[in-house]
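The structure appears right after this line, and notes come after that.
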Amino acid sequence: MWEIYLDNSATTRVCPEAAQKAVEVMTQCYGNPSSLHRLGFRAEQELNAARKAVAGALSALPEEIVFTSGGTEANNLALVGCAMANRRSGRHLITTSIEHPSVENPMRYLEEQGFEVTRLGVDRRGVIDLQELREALRPDTILVSMMHVNNEIGAVEPIEEAAAVIRQKQPSCLFHVDAIQSYGKYAIYPRRIGVDLLSVSGHKIHGPKGSGFLYVREKTKIHPQILGGGQEGGMRSGTENVPAIAGLGEAAREMYDHLDENREYLYGLKQRFMEGAAAIPGVTLNGPAVRDGAPHIVSVSVDGVRSEVLLHALEEKGIYVSAGSACSSNKPSVSRTLKAIGLENRLLDSTVRFSFSIENTAEEIDYALGVMGELIPVLSRFTRH
């Protein structure tokens with residue numbers, strides 16, 4: 001039986017280069033990078049090499065990179081760290097209605113601490129209105145946070161245009177971008193476009209789990225959230241996970257050495273899948289058109305078939321997908337993103353996400369479409385009334 005992994009927005013398989021580097025560092029450069037002896041120095045060199053690699057992909061300075069345990073920690077550091085550090089300048093924050101829980105839940109926490117949060121709406125494609133952003137900005141707005149690519153439907157937010165609006169209307173306001181689903185898919189230059197903070201996760205780009213980073217523009221006022229030995233320039237205490245970070249550096253090199261060709265390859269897979277899925281009776285494609293969205297994410301609703309039912313039916317055929325988003329927990333809940341784009345209530349719990357990687361093939365896409373074409377008419381006979 002085929003085994004086809006189409007859940008690459010949840011996590012990716014570690015690429016050989018990253019795995020080899022992680023094992024090498026784990027077994028040969030195992031010193032503490034804060035130690036003063038030779039093994040410590042070698043570990044520090046691995047840290048520095050990874051820092052240069054991920055900074056280079058962003059055209060950023062190495063000292064602007066703070067390594068974290070992943071995207072969730074990076075988002076928490078950006079939001080809570082900046083809000084607390086700048087609260088004397090204002091207590092108004094702006095985000096969107098479709099953010100990942102690692103942004104939405106810190107925002108709720110900050111509301112409990114006395115901050116006011118404005119959540120921007122989105123259209124049926126999942127894209128914000130820049131005029132709404134302009135009107136939401138106030139003299140006491142200290143931080144705007146938005147994702148670059150939505151993890152459920154693949155909507156791409158206009159971060160460059162948003163940065164320009166913020167700089168024109170409220171120049172002192174900080175701008176944070178959650179790039180966890182876009183790093184490795186797009187060329188992103190935060191210093192050039194006016195992004196102050198940017199979050200990245202290693203395991204979304206074929207790097208090891210437990211690795212990630214936050215880009216923090218020079219002179220950005222931010223408070224650390226983990227206190228201790230003062231690692232990462234005092235921004236993130238705790239001995240660094242050097243093997244995972246070194247693997248992240250290798251994964252970043254691999255992704256950005258082949259960025260354009262990889263993106264075009266993914267768009268080819270996405271188009272093939274969307275055209276085939278659209279031809280299956282009962283299937284609705286959610287979010288943006290092929291080229292308007294990210295190259296690797298497709299959201300599909302099947303009228304009358306619960307997400308979990310379709311997910312497990314596909315699993316029985318060796319095809320692995322997610323019911324909406326797999327990044328919060330394994331407990332099903334109604335998607336805020338799907339509600340925000342105005343998806344009909346009857347489809348909210350009938351939606352699955354397919355997400356591709358460069359390891360997938362056209363043959364795998366065709367097999368998945370064939371299985372869907374067979375399964376969906378059968379499953380639809382058990383439509384809820």
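Regarding the chain, what are the three Cα extents along the principal axes, ordered largest first, in Å?
Projected onto its principal axes, the Cα set of the chain covers 66, 52, 34 Å.
Between region 86-117 and region 172-191, what's the alpha-carbon centroid distance in Å?
18
Find the Cα radius of gyration of region 191-276, compare it with 2.2 N^0.38 Å by division, and give the number to two decimals.
Cα Rg divided by the expected 2.2 N^0.38 Å: 1.41.
About its Cα centre, how strong a charge dipole does region 146-240 have in debye, to the nearest 20, once Lys and Arg get +1 and Asp and Glu get -1 at the Cβ? Don't skip to the end; give the middle numbers.
Details: 11 positive and 9 negative charges, 42 e Å.
I would put it at about 200 debye.
For region 149-200, restrict the atom set to alpha-carbon positions and state the Rg and Dmax in Å.
In order Rg, Dmax, the Cα atoms of region 149-200 give 11.1, 32 Å.
Calculate, axis by axis, the spread of Cα positions in region 146-234 along the three principal axes, and write the results as whole Å, longest axis first.
Principal extents (largest minus smallest coordinate, Cα): 39, 31, 20 Å.
If you count, for each residue, the other Cβ atoms within 10 Å and average over each peptide, how do 307-315, 286-294, 198-206 line up from highest to lowest?
198-206, 286-294, 307-315
Put one equal scatterer on each alpha carbon of region 337-385, apply the Debye formula with no solvent term, and list log10 I(q)/I(0) at q = 0.14, 0.22, 0.23, 0.26 1/Å to two decimals.
-0.55, -0.95, -0.97, -1.00
For ARG124 and ARG88, what is the calculated FRET efficiency with R₀ set at 56 Å and r taken between the beta-carbons, to the nearest 0.05?
On the way: r = 40 Å, r/R0 = 0.71.
Given R0 = 56 Å and the Cβ-Cβ separation, E is 0.90.
Using the Cα centre of region 16-257 as origin and beta-carbon charges of +1 (Lys, Arg) and -1 (Asp, Glu), tell me which of GLN45, ASN76, VAL242 is placed farthest towards the positive end of the dipole.
The Cα lying farthest towards the positive end belongs to GLN45.
Which of these, GLY194, GLY126, GLY40, has the largest mean-square fluctuation under a Gaussian network model of the chain (Cα springs below 10 Å)?
Residue with maximal mean-square fluctuation among GLY194, GLY126, GLY40: GLY40.
For the charge dipole of region 1-96, defined by +1 on Lys and Arg C-beta atoms and -1 on Asp and Glu C-beta atoms about the Cα centroid, which residue among LEU36, MET1, VAL14 has the Cα displaced farthest towards the positive pole?
Value computed over the given set: LEU36.
Any idea how far the Cα center of region 206-251 sits from the one of region 1-58, in Å?
13
How big is the charge dipole of the chain about its Cα centre, in debye rounded to the nearest 20, if each Lys and Arg gets +1 on its Cβ and each Asp and Glu gets -1 on its Cβ?
With Lys and Arg at +1 and Asp and Glu at -1, about 960 debye.
How big is the shadow of the Cα convex hull of region 75-234, averaged over all directions, in nm²?
Across all orientations, region 75-234 yields a mean hull projection of 9.4 nm².
Determine the percent antiparallel among the DSSP beta bridges restricted to region 16-257, to the nearest 5.
In region 16-257, DSSP labels about 40 percent of beta bridges as antiparallel.
With the crude spin-label approximation of a point 7 Å out along Cα→Cβ, what separation in nm comes out for ARG381 versus ALA187?
5.4
Over region 221-361, what per residue volume does the convex hull of the Cα atoms give, in whole Å³?
Values: hull volume 26.6 nm³, N = 141.
It comes to 189 Å³ per residue, whole-number rounded.
If you look for lysine pairs in the chain that are eight or more places apart or on different chains, how many of them have Cα atoms under 23 Å apart?
Close lysine pairs under the 23 Å cut-off: 20.
For ASP260 and GLU112, compute 0.36 nm times the residue count separating them, minus their Cα-Cα distance, and round to one decimal in nm.
Full-extension gain reported as 49.0 nm.
Using the Cα gyration tensor of region 1-132, with a ≥ b ≥ c the square roots of its eigenvalues, what is the shape: rounded (a/c below 1.5), prolate (a/b larger than b/c) or oblate (neither)?
It comes out oblate by the Cα gyration axes.
The numbers here are math on the coordinates, done by the rules we state, and not lab data. Every value quoted in this text rests on a predicted model; they were computed, and no experiment measured them. Backbone-built Cβ (ideal geometry, glycine too); neighbour counts: all protein chains shown.
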